[in-house]
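Structure first, commentary second.
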Amino acid sequence: MKVLHPTLTKVPWVLAALVLVVGVLLNLFAPQPYTGLPLLAAAPLVAGAMLSFRSALAVVCVTCVVSVAVDIERGRPATPLLVDLAVVGTIGVLALAVNRLIARQGRDLALARDVAEAAQRAVLPDPPRVVGPLAVAAGYTAAHAEARIGGDLFAVQETPFGVRMIIGDVRGKGIAAVAAVAVAIGAFRQEAEHAPTVDTLGRRMDEAMARAAAQGGPVISTEGFTTAVLAEVSADGEVVSLVNRGHPPPYLAHDGRLVRLDPTVPQLPLGVGLGDIAPADPVAADVVRLPPGASLLLVTDGVTEARDRRGTFYDPVASRRMRRRFRDPDALVDALTDDVGRWTEGEHEDDMAILVVTRRDLSHAG
């Protein structure tokens, strides 16, 4: 849980006290017939909106006492004194009611966010740290801190054909996006164990998503398509086979360089509902060597479509901060996350998922 700096926690108290003091001074020294009652009444409102219930109650009581004391000091008759007290007291009661309402809404919002985050973590758990010859790291940055749920997805799985992985982006946001992510991840985990090639894996995922759409599930063919990169690392870790289904291309990081791996044959995203016009013949995957210590970097468009204040898109290949060797996949994830944040000055227009697999150097193992 994020803890506020002590100075920030004092600001509401200072503001409430300042309003109260200024109201008293106006009551005592302002020319007649003006009084500082409006500012006195504002102090409970400030406290009710910004402080805890007990603190707000204390401010309300102090304000009522101060209102009576100032009226007595100025020699006001009993009737105006009681009217002023009634005004301050009524506003104080309203401020306390607002305080309870804000607290209740905050609890409801926190509960909803926690449920949504738990749902997403159930659908999209963290990948294993080590799979076969690979070390693995992943990162996820939501576009808005209060929205911890989105449509980016990734998964890594060891199969009889090697280590297979996916990174993708479901169109849409919120609970509907998470439901679509569940379909895509479920299809990947099922078919990755049986599809003989990554191209076949993509085709079978298409079929699974089409079945979900036909059954009235969360994946709608005209809206719920998923861009994805499917990758397979051989059992010895030497080569990577890639199939890109309409997704931002991955990168190969090695010896302080980043190389973008554009697809030889661009393909349609998963689940677009155009299976009838898709090529009937299998599409050969792009094959890339993965030297020991090299990393395959897969990202979503939250990285490639990040913009600076001039509207320029972020390019990790052009960034000098990314031209260095990284000791492990976690360091690469952290460096890219920080570099995108620096480029956008902390503003993210889209969710950002990063998946890195690094071939471990097993020559010195044992």
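The values are calculated or read from the model by the stated rules, or taken from the named source; none is laboratory data. All values derive from a computational prediction rather than experimental measurement. Neighbour counts run over all protein chains shown; Cβ positions are idealised from the backbone, glycine included. Calculation scope for accessible area: heavy atoms of the full protein, side chains included, ligands and nucleic acids excluded. Shrake-Rupley method; radii C 1.70, N 1.55, O 1.52, S 1.80 Å.
Working carefully through the options ALA138, ALA155, ALA179, ALA119, find the one that is assigned to a strand (DSSP E or B) and either at pLDDT below 90 or open to solvent by 20 Å² or more (accessible area, probe 1.4 Å) (or both).
None of the others qualify; the one that does is ALA138.
Close contacts from region 163-187, counting a first residue that is over 27 Å from VAL131 (Cβ atoms) and a second that is modelled with pLDDT of 80 or more and assigned to a helix (DSSP H, G or I), with Cβ to Cβ under 9 Å and a gap of 6+ residues or different chains, come to ARG171/ALA180; GLY172/ALA180.
Filtering region 313-343 to residues that are among the polar types (S, T, N, Q) and under 16 Å from THR300 (Cα atoms) leaves only THR337.
Quick check on this structure: which one of VAL24, VAL14 is modelled with pLDDT of 75 or more, in a helix (DSSP H, G or I) and open to solvent by less than 90 Å² (accessible area, probe 1.4 Å)?
VAL24
In region 57-78 there is no residue matching the filter, namely being of a type in the set (Lys, Arg) and modelled with pLDDT of 85 or more.
Residues of region 68-82 being in a helix (DSSP H, G or I) and open to solvent by less than 80 Å² (accessible area, probe 1.4 Å), which ones?
VAL68, ALA69, VAL70, ASP71, ALA78, PRO80, LEU81
Applying a threshold of 9 Å to beta carbon distances and a minimum spacing of six or more residues, or different chains, the list of pairs starting in region 232-258 at a residue that is on the phi > 0 side of the Ramachandran plot and ending at one that is open to solvent by 30 Å² or more (accessible area, probe 1.4 Å) and part of a strand (DSSP E or B) reads GLY237/ARG359. Of all residue pairs spaced 6 or more apart or on separate chains, those with beta-carbon atoms under 7 Å, a first member in region 104-130 that is under 27 Å from GLY186 (Cβ atoms) and a second member that is in a helix (DSSP H, G or I) and modelled with pLDDT of 70 or more are ALA119/VAL178; GLN120/VAL178; VAL123/VAL178; VAL123/VAL181; VAL123/ALA182; VAL123/ILE185; LEU124/VAL181; LEU124/ILE185. Does region 86-100 include one or more residues that are hydroxyl-bearing (Ser, Thr, Tyr), surrounded by 13 or more Cβ atoms within 10 Å (Cβ to Cβ) and in a helix (DSSP H, G or I)? No, that holds for no residue. Starting from residues that are open to solvent by 90 Å² or more (accessible area, probe 1.4 Å) and among the hydrophobic types (A, V, I, L, M, F, W, C), keep the ones in region 281-337 and report whichever is nearest to ALA228 (Cα to Cα). The selected residue is VAL287.
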